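Visitor: Here it is, the structure in full.
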Amino acid sequence: MDGSLTVAVVGATGAVGREMLSTLEARNFPATRVIALASSRSSGLPLPFRGGEISVQELKEDSFQGVDIALFSAGGGTSERFAPHAVRHGCVVVDNSSAWRADDRCPLVVPEVNAHALKRHRGIIANPNCSTIQMVVALNPLHKAVPIRRVVVSTYQAVSGTGQKGIAELDSQVRQMFNMTDPDVKVYPHRIAFNCLPHIDVFLENGYTKEEMKMVRETVKIMEDPSVKVTATTVRVPVFYSHSEALNVEFARPLSPVEARVILHDAPGVVVLDNPGENIYPMPVSATGEDEVFVGRIRVDESQANTLNMWVVSDNVRKGAALNAVQIAELLARDNLLGVPDPMAFLN
Ligand code: A2P
């Protein structure tokens, strides 16, 4: 990294955008200039950065002139419209929305799993869904040791996955209920305070939610192995930060919990927290603010051969979004993968 990069954060005022700024700062990303972009509503808003402030600018099609890397987290519609213009200016996009994840031209990258896919990028790199990221960080090292046949995953997802508005909704509903008033329901179809919603993103024709099908499809693309079958139930829970996942993982051959712990102990980005006798296991409150994916409760599924159960927790705003995007940007810079081969490639 030569230290002369310009980076833009698109959606800088949001839950993930703010975390992207603080992650760039905390990891000393070698940018000489960092630009904060958001909607016209936020124009001029000061955001803290490197001991000072940067002023938010309105996102426009020409915002990317002279920008090397843009980290997008402003929703799918914004990415669809503006990422092609970033590429037009020669800027490489790391996009946190689902807009480009299924596009064959766009690598879908979790650095611990498939960093090599970055080499074939054409200007837009997709950051996977938060639930998928933490799952594949835990699964991939096991899959390399003993092939995984099938994963049954149930998620317990924090409201920060819905952005600032999800955080505000849980906060205000809890306050209203402690004050004995009926909570206002604005963001989710039902109350989220003291409730669980088996409904994340929209329902599809097959009866699954889009979030569930993201976990199915993205896992195969990232792990580059269509033989890994995934079925998911995704649930929003009244937790502010960090997603939890119960995984039931069937392998091609036996893998003992001891062997799985040894493999995961050595795996990049993973911390094993698995000492039930001492009440030690991963939890959202302890994962929040941390970079790693925490794995525990590793045990044999006694109902089926070659199968383990495990519990995986990670900070969805960090590893599930901002940190993963910044790690991708670090690799792009380190491996000289900046610049785009065809600036007009994503414009219709
Ligand atoms: P703004 O704060 O100006 O609305 P979150 O996911 O936490 O809700 O944040 C969404 C982010 O995406 C915010 O920074 C928001 O900016 C930004 N955003 C939403 N819509 C647009 C848009 N049309 N153009 C630019 N930024 C947008």
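Throughout, read-outs are computed from the coordinates displayed, never taken from laboratory work. This is a predicted model, so every value here is computed, not measured. Positions of Cβ are generated from backbone atoms using ideal geometry, with glycine treated the same way; all protein chains shown enter the neighbour counts.
Visitor: What are the lysines whose alpha-carbon lies under 17 Å from the alpha-carbon of Lys186, with same-chain residues fewer than 8 places away excluded?
Guide: Lys165
Visitor: How big is the chain by the Kirkwood estimate over distinct Cα pairs, in Å?
Guide: Its Kirkwood hydrodynamic radius stands at 20.8 Å.
Visitor: Can you put Met310, Met213 in order of Cβ neighbours within 10 angstrom, beginning with the fewest? Walk me through the numbers before you get to the answer.
Guide: Working: Met310 25, Met213 16.
In increasing order of surrounding Cβ atoms, one gets Met213, Met310.
Visitor: Starting from the Cα gyration tensor of the stretch 249-348, take the square roots of the eigenvalues, sort them a ≥ b ≥ c, and report rounded, prolate or oblate (rounded when a/c is under 1.5, otherwise prolate if a/b is larger than b/c, else oblate).
Guide: Prolate, since a/c reaches 1.5 and a/b exceeds b/c.
Visitor: Under a cut-off of 30 Å between alpha-carbon atoms, report the lysines in cross-link reach of Lys119, not counting same-chain residues fewer than 8 places apart.
Guide: The qualifying lysines are Lys60, Lys144, Lys210, Lys214, Lys221, Lys229, Lys319.
Visitor: Arrange Phe72, Phe251 by Cβ neighbour counts within 10 Å, fewest through most, would you?
Guide: With the sparsest Cβ surroundings first, the list reads Phe251, Phe72.
Visitor: Helix-derived [θ] at 222 nm for the chain: sum -39500 (n - 2.57) over DSSP H runs of at least 4, divide by residue count, nearest 500?
Guide: -8500 deg cm²/dmol
Visitor: Let me ask something additional. Which value results for Rg/Rh of the stretch 115-265 when Rg is the Cα radius of gyration and Rh the Kirkwood radius based on the inverse mean 1/r? Can you show the working numbers first?
Guide: Numbers: Rg = 18.0 Å, Rh = 17.2 Å.
Taking Rh as the inverse mean 1/r over Cα pairs, Rg/Rh reads 1.05.
Visitor: Here's something else I'd like to know. Report the Cα centroid-to-centroid distance between the stretch 232-275 and the stretch 177-212 in angstrom, as an integer.
Guide: 26
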